1. Percent relative contact order of the chain, based on C-alpha pairs within less than 8 angstrom and at least six residues apart?
2. Which of rounded, prolate, oblate describes the stretch 95-229, given a ≥ b ≥ c as roots of the alpha-carbon gyration tensor eigenvalues and a/c under 1.5 marking rounded, otherwise prolate only if a/b is larger than b/c?
3. What list of ³J(HN,Hα) couplings, whole Hz, do you get for the stretch 149-161 from phi and the Karplus terms 6.51, -1.76, 1.60, once you set θ to phi - 60° and write x for glycine and proline?
4. Could you pull out every one of the aspartates and glutamates with an alpha carbon less than 19 Å from that of residue 214, ignoring same-chain neighbours closer than 8 positions?
5. In whole Hz, what ³J(HN,Hα) sequence does the stretch 198-208 give by Karplus (6.51, -1.76, 1.60; θ = phi - 60°), x for Gly and Pro?
6. Could you list which residues have their amide H under 5 Å from that of residue 98, counting only those 5 or more apart in sequence or on another chain, with H placed in the peptide plane?
7. My understanding is that a pair violates if its Cα-Cα distance is over 24 Å; which of 106/128; 29/106; 12/213; 12/91 do that in this structure?
8. What dipole magnitude, in Debye to the nearest 20, does the chain give about its Cα centre under +1 on Lys/Arg Cβ and -1 on Asp/Glu Cβ?
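The values are calculated or read from the model by the stated rules, or taken from the named source; none is laboratory data. Just so it is clear, the structure is predicted and the values come from calculations on it, not from any experiment. Cβ coordinates were reconstructed from backbone atoms using ideal geometry, including for glycine residues, and neighbour counts include every protein chain displayed. To get the accessible areas, we keep the full protein, side chains included, count just its heavy atoms, and leave off ligands, DNA and RNA. Shrake-Rupley method; radii C 1.70, N 1.55, O 1.52, S 1.80 Å.
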Amino acid sequence: DSVLLYAYEEEKDKKKAPAVAAKSAAEKKLKVTPAPSKNMQQDLRSDFELRFNNTLKNFDTTKIVLTDTTNNKIEGIIISLDSTRKIVSIKNKWPVSTYYRLIIAKDAVSDSANNLLAKSDTFHFKSKSESDYGSLTLRFTKIDLAKHPVIQFLTASEIVRSVAVTGSNWSDKLFIPGEYELRILYDANNNGIWDPGNYEKKLQPEKAITLDKKLTIRADWDNERDIDL
């Protein structure tokens, strides 16, 4: 009775991607969909994304232009293509409540079959205001900072945000409203993620504690929570 044993699942093997059915002629055409948050409102902390249905072969950043409503070009943005070559991200410091136009030329991109977009397009969107977010303050007691604690916010069992805890208080003025499950991860190797155990290497999984009470963040509201560990 003096021996404590932990039961856990090891990290699952990555499954191979299922075979993809042949595309019809209409599906083969290169198409783009903008992906800010709903109602074409851009999150102040995220990149604006263009998502393509086909893998891109050619990509010309000079033919993707971000402007204000009077067609003045926004300087200093960073345009990049992700590793899947299907998502183009536009990184910018988004001022609050500001209207934008994103112009993508017909020949800005092409896919592996040399297909271009059917036409040039312009997407109109607006950055969110501060009132669209909630202010959150967490106060920790009895937390061991030497164990590299990380507070994780989960929605539908998916981690949507992880933040290293470096003091007894943590706050964020621009937190996305919603209901979150909270988990404290003791990040032993300080790499920012939960590491599973490994039987062959005689490694236990990193300890993670799910808190009993969920956290509800209301927009335009000061949200506070005391966390006693």
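1. Values: 449 pairs, mean separation 41.0, N = 229.
That works out to 18 percent.
2. Values: a/c = 3.25, a/b = 1.52, b/c = 2.14.
Oblate is the answer for the stretch 95-229, as a/c is 1.5 or above yet b/c matches or exceeds a/b.
3. Those phi angles translate into x, 10, 8, 10, 10, 10, 10, 6, 6, 9, 6, 9, 7 Hz.
4. Those aspartates and glutamates meeting the cut-off are 158, 172, 179, 181, 222, 224, 226, 228.
5. Using θ = phi - 60°, the values come out as 9, 5, 5, 8, 6, 10, 7, x, 5, 6, 9 Hz.
6. Those lying under 5 Å, H to H, from residue 98 are 127.
7. Values: 106/128 28 Å; 29/106 13 Å; 12/213 29 Å; 12/91 33 Å.
From the list (106/128; 29/106; 12/213; 12/91), the Cα-Cα distance tops 24 Å for 106/128; 12/213; 12/91.
8. For the chain, the charge dipole is close to 1080 debye.
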